[in-house]
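The values are calculated or read from the model by the stated rules, or taken from the named source; none is laboratory data. Fair warning: this is a prediction, and the values are worked out from it, not measured in the lab. Note that we place each Cβ from the backbone using ideal geometry, even for glycine, and neighbour counts take in every protein chain shown.
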Amino acid sequence: MTTSRIPGFYNMTLEERHARLADAAGQTPENLSAWTLGGLSAEAADPMIENVIGLHSLPLGIALNFQVNGKDVLVPMAIEEPSVVAGASFMAKLARAGGGFKATITDPLMIGQMQVINIVNLHEAKLKLYEHKAELLAEADAIDPVLKKFGGGARDLEVRVIEDSPIGGFLVVHLIYDVRDAMGANAVNTACERLAPKVEAITGGKVHLRILSNLADRRIARARCTIPVKELAFETVGQVSNLPSGQIANLSYSGEQVRDGIIAAYAFAAADPYRAATHNKGIMNGVDAVVIATGNDWRAIEAGAHAYAARSGKYTSLSTWGKDKDGNLVGTLEMPMAVGIVGGATKVHPAAQAAVKLMGVKTASELAEIIVSVGLAQNMAALRALATEGIQRGHMSLHARQVAIAAGASGELIEKVAAQMVAEKVVRIDRAEEILKNFSEDFMEERNQPPVQDRENPFS
């Protein structure tokens, strides 16, 4: 990787972006060709899931400016929502002034659960399992010699007593398993299946469920960043409440105003679960987009993140925002991050392989550190917008282009229709159709031609 800073990337053509991307990443265009070729063929998709009939595509963008643990990285993001890639890229640019993102992750430990029912004495059975802990771990450790060769395998065994449930009491056995560079579901589930007969023999009960937990709270990714307060200052144009309707003015925000606004917005999410749900969704906008682009299980990441946010018994913010002794903005994010770079779709999906190559990651830990950094950047982008000019300004400007296209605009008319809707602050399909019709009529009148027919009745 040479640099993640590519000025003017947004204004380049697709062909120019491909060329600059390959050059910046030190890759050949062939290594990234999966994206230009559609990423996946229907024939390749057929064995991946059941009843395949075709493909469903998402836009793939590149988040720029990211520096994670001192290394520049170009980040592929697969997402349909406007402003996410732009927001994350801009916040990464601000973070560079403070040294970029510092990220860490714990060992890749996953939890396999075995539910043991029909036990006469739960506490006696619990102690019996601990007495046989060494042999159970040895059994689990011998299941996957390839994983063991790379340093993975069984690490610990824990037993919990559930006293009160709709079916009464039962035991939950947790197998703690190091899955190295895999997401780990298959390895952990296999290990639980193999241990089940021994657990039954020891406890005298019946092992019912044997399944991985997606609350991967032994596999935690953490990221932090410091934004110099001067970097937060900016000016924009917008409406001011004490001006007559429709008039605009230059709006100026000091770095301290933006910093304090972000901290106050975070405090809302920390205290109120209704706000926290949307706050954390903003984090997941960044996280999920990279997880999807790399062929990982975004549903598992979502489930683990939201469960982790509620681990205290109250759903709250995954991130924190405050200031340091110099008044600079400081953000942190901590969440489970069970991602892999071996096995699953990551190894069979050409676009996912291209994404991993582009980022230059060699381990699942590196990938997790990048993803959690993107989540923190996207969280800051949303909070900054909310605390200043409002979330809709930038978001709706980009959304207006989609609405214009949906109304039938093409070519240069896309930008013209979108710009007028944004100026009117009315971004709706019906208004886009009216504007497009007026533009089309003006265009035809200039050429002394009849206007286009109404879209609803093209044969009238």
Q.
Suppose we filter the range 1-32 for residues that are among the polar types (S, T, N, Q), over 15 Å from N65 (Cα atoms) and modelled with pLDDT of 80 or more; how many remain?
A. 4
(Q) So in the range 310-361, with the set limited to residues that are closer than 24 Å to L147 by Cα and of a type in the set (D, E, K, R), which one is modelled with the highest pLDDT? (A) K357
Q. So which helices (runs of 4 or more DSSP H) are wholly in the range 21-122 and hold at least 3 residues that are under 18 Å from S373 (Cβ atoms) and more than 18 Å from the chain's Cα centre (by Cα)?
A. 84-96
Q: Only residues that are touching a residue at least 60 places away in the same chain (Cβ under 8 Å), polar (S, T, N, Q) and surrounded by 12 or more Cβ atoms within 10 Å (Cβ to Cβ): list them for the range 1-54, please.
A: T3, S4, Q27, N31, S33
Q. Looking at the range 396-413, which of the residues that are over 29 Å from the mean Cα position of the chain (by Cα) and part of a helix (DSSP H, G or I) is farthest from F439 (Cα to Cα)?
A. E412
Q) Name the residues in the range 194-233 that are of a type in the set (G, A, S) and out of contact with any helix residue (DSSP H, G or I) (no Cβ under 9 Å at 6 or more places or on another chain), would you? A) A196, A201
Q) For the range 273-385, which helices (runs of 4 or more DSSP H) that fit wholly inside it have 1 or more residues that are of a type in the set (G, A, S) and under 11 Å from the mean Cα position of the chain (by Cα)? A) 273-293, 298-309
Q.
Can you find a residue that is assigned to a helix (DSSP H, G or I) and among the hydrophobic types (A, V, I, L, M, F, W, C) anywhere in the range 209-229?
A. yes
Q: Residues being polar (S, T, N, Q) and surrounded by fewer than 17 Cβ atoms within 10 Å (Cβ to Cβ): count how many of those fall in the range 293-319.
A: 1
Q. Looking at T236, is it among the polar types (S, T, N, Q) and not assigned by TED's automatic domain parsing to the domain that holds L251?
A. no
